[in-house]
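Encoded as C-alpha cells, the structure appears first; notes follow it.
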Amino acid sequence: MHYTAYDTRLASYAVVVDGEGGDVRVLLALWNEGTRRQWTLPGGGVELHENVEQGVVREVREETGYEAELCGLLGVDSYVLDPHRRHVDTDRPFKAVRTIFKAHVVGGELAPEVDGSTDEARWFSLDEIAVLDRVSVVDIGLRMAGLIA
C-alpha cells in the first residue's frame with residue numbers, strides 16, 4: 001500500500017527511570033483516551049514543528065510535571081491498525097511510528113496533566129508494573145531499556 005493511502009502518526013515516548021539495580025522505579029502516566037484507562041510511558045504525538053527529542057521532553061513535562069533530560073534513543077517501534085480498530089470514524093488504515101528514549105528527571109515536580117490524554121502520573125517498581133493494566137509501549141520500552149526480558 002502506498003504511504004498516501006494510510007494515516008501516519010509520529011510519536012515519542014520516554015522510559016524515565018529513577019534509582020539503580022533492584023530499586024529502579026519507572027514513571028508512568030494514566031492514559032484516558034482508549035476504551036479503558038491504561039498506564040503508558042509518558043509521551044505522545046510529535047508536533048509538526050518539533051523533532052522527536054523536543055516532542056518527548058514536552059510530553060513528559062505536560063503529562064508528569066517533570067523536566068526530563070534524554071539519555072539516548074532506545075529504539076523505534078511501529079504498528080498498524082485496521083480502520084475498524086481506530087478511535088476515529090475513517091476507512092483509512094493507521095501506522096504508528098514511535099521513538100522511545102531513556103530519560104531521567106532534572107527538575108519540576110510530579111503533577112497531573114490537566115485536560116489532556118492522561119490524568120495521573122506515578123512512579124512504579126518493575127514488580128508493580130508487571131500487574132498493571134498497561135499499553136504495549138510500556139513493555140516495549142522496558143525491554144529496549146534492558147529492564148525486563
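The values are calculated or read from the model by the stated rules, or taken from the named source; none is laboratory data. Predicted, not measured: the structure shown is a model, and the values here were computed from it. Cβ sites come from the backbone with ideal geometry, for glycine too, and all protein chains shown count toward neighbours.
Arg86 passes every criterion in (1) at pLDDT 95 or above; (2) within 24 Å of His2 (Cα to Cα); (3) surrounded by 12 or more Cβ atoms within 10 Å (Cβ to Cβ) apart from (1).
Taking each residue of region 25-46 that is closer than 11 Å to Ala11 by Cβ and looking for partners that are modelled with pLDDT under 95 and among the polar types (S, T, N, Q) with beta-carbon atoms closer than 7 Å, six or more apart or interchain, yields Gly44/Ser117.
Just one residue in the set Glu120, Glu113, Glu109 is of a type outside the set (A, V, I, L, M, F, W, C) and touching a Pro at 6+ places or on another chain (Cβ under 9 Å); that residue is Glu120.
The residue of region 30-56 that is nearest to the chain's Cα centre (by Cα), among those that are more than 20 Å from Val135 (Cα to Cα) and of a type in the set (A, V, I, L, M), is Val52.
Applying the criterion of being in a helix (DSSP H, G or I) and without any contact (Cβ under 8 Å) to a residue 40 or more places away in the chain to the residues of region 89-135, the residue that is surrounded by the fewest Cβ atoms within 10 Å (Cβ to Cβ) is Asp127.
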